[in-house]
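Right, one structure below, let's go through it.
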Amino acid sequence: MNTEMEEDTGNGGFRKRMKLSDEEGKGDSRDGISLENTVENEEAETKLVASDEIEQNIAQILDKIESFTQTVSNLLETGKTMFKELSNEFEERLIMIHREHVEKWQEEIKELRLLDASNEETTSLLHNARYLIQNPSIEQ
């Protein structure tokens, strides 16, 4: 068995590679399969198993992304609905408060007008009484 240095193009370094002699490569086989084919098959199986695991992990992450996206979408819709309902309630309440205040002030205006009319009547009576006191009449 010989070893030789071979440049690894992936990282720019060197790695050792086992080189089988002609006799080992041709004559040594287990159950009709050469040693080299066995190693290649094991590497391929490892890659397939790792690849399947990776694909499963990727699928799980994609499921998590989809689930999270759906959750966010649902929260946004729920939030929009809640804000719309809250906005409508706020608007209705604000209109009701405005109406109550306007009615209260209109009632105050009505009371002030009644008070003014009463004051005008009292002022007229007082004015007449003063006139009568200042100008006694001879007709008694």
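At 7 Å along Cα-to-Cβ for each site, give me the label-to-label distance between GLU103 and GLU77 in nm.
4.0 nm
When the expected Rg is taken as 2.2 N^0.38 Å, what fraction or multiple of it is the alpha-carbon Rg of segment 44-108?
2.57
Report, to the nearest whole %, how much of the accessible area of segment 58-106 belongs to carbon and sulfur atoms, 1.4 Å probe, protein only.
64 percent
The values are calculated or read from the model by the stated rules, or taken from the named source; none is laboratory data. Keep in mind that what you see is a predicted model, and the values were worked out from it rather than measured. No Cβ is skipped: glycine too gets one built from the backbone with ideal geometry, and neighbour counts run over all protein chains shown. To get the accessible areas, we keep the full protein, side chains included, count just its heavy atoms, and leave off ligands, DNA and RNA. Shrake-Rupley method; radii C 1.70, N 1.55, O 1.52, S 1.80 Å.
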